[in-house]
Amino acid sequence: MVEESIIGFDIRKPYQKNPEWFKKSILKQDIETVVSIDDFVFPEVEEVVSLCKENTVGFLLSLPDSVSQDKNYWNIALAIDKSIKQELEQKFGQKLIDHDQTVDNLLEKGWEFLGYDIVDINGMISGLTNCGYTTEHKAELLEFLPLLNKFGLFNDRNTAQDFCKTRDIQITEHAPFYPVAIYRK
């Protein structure tokens with residue numbers, strides 16, 4: 001089993017559907033609610049944007065009570081494979097934040113696993129929801145379509161990793177992509 005490290009928290013507001021962008025950028029068109037690590041797709045709450053500069057990745061160390069209780073916002077936690085975290089720390093020479101909380105702690109506290117996004121770590125750009133799809137790319141990715149959940153994320157880490165490999169080839173300027181788990185409370 002893969003051990004994941006929490007890399008941060010954030011507060012997001014649900015995406016307001018833009019039909020033209022949605023058609024070009026979302027692989028599965030019947031998604032109920034688009035969820036992504038990418039703040040262009042799943043926007044941050046303005047009140048916390050300045051707080052998100054607390055660490056090198058740009059996420060919160062914890063959730064501020066004043067905003068996180070708002071029912072219109074989604075509190076999210078992000079986690080990556082510990083080996084990928086170490087690889088990224090070596091590559092960028094930065095220490096990604098560590099949390100006392102583990103994924104197990106979050107789940108015990110009522111957090112829900114939403115799925116895996118795939119992300120260009122250099123810019124926190126989602127390869128699932130913010131890189132677009134050419135007709136050729138869509139044809140190459142048809143096998144993944146039924147594996148996306150109602151949030152447009154993968155439920156399985158290995159599937160997300162396979163999708164990363166394909167997107168690495170399709171979108172070399174954003175490669176490599178990594179799976180990032182998203183949790184919600």
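The values are calculated or read from the model by the stated rules, or taken from the named source; none is laboratory data. It should be emphasised that the depicted structure is a prediction, and the values quoted were computed from it without experimental measurement. Ideal geometry is used to build each Cβ from the backbone, glycine not excepted, and the neighbour counts take in all protein chains shown.
Got at least one residue in the stretch 169-179 being touching a residue at least 40 places away in the same chain (Cβ under 8 Å), touching a Leu at 6+ places or on another chain (Cβ under 7 Å), within 20 Å of I7 (Cβ to Cβ) and of a type in the set (A, V, I, L, M)?
no
Which of the residues belonging to the stretch 4-47 are modelled with pLDDT under 85, among the charged types (D, E, K, R) and either more than 17 Å from the chain's Cα centre (by Cα) or buried (at least 17 other Cβ atoms within 10 Å of the Cβ) (or both)?
Selection gives D10, K17, E20, K23, K24, D39, E44, E46, E47.
Looking for something surrounded by 19 or more Cβ atoms within 10 Å (Cβ to Cβ), in a loop (DSSP other than H, G, I, E, B), aliphatic (A, V, I, L, M) and at pLDDT 90 or above - is there at least one such residue anywhere in the stretch 126-137?
yes
Regarding the stretch 143-160, can at least one residue be identified that is in contact with a strand residue (DSSP E or B) (Cβ under 9 Å, 6 or more places away or on another chain) and among the hydroxyl-bearing types (S, T, Y)?
yes
Being surrounded by fewer than 16 Cβ atoms within 10 Å (Cβ to Cβ) and touching a His at 6+ places or on another chain (Cβ under 8 Å) is the filter here; which residues of the stretch 111-125 pass it?
Across the stretch 111-125, the qualifying residues are N122, G123.
Go through the residues of the stretch 135-148 one by one and say whether even a single one is out of contact with any Cys (no Cβ under 9 Å at 6 or more places or on another chain) and within 22 Å of S5 (Cβ to Cβ).
no
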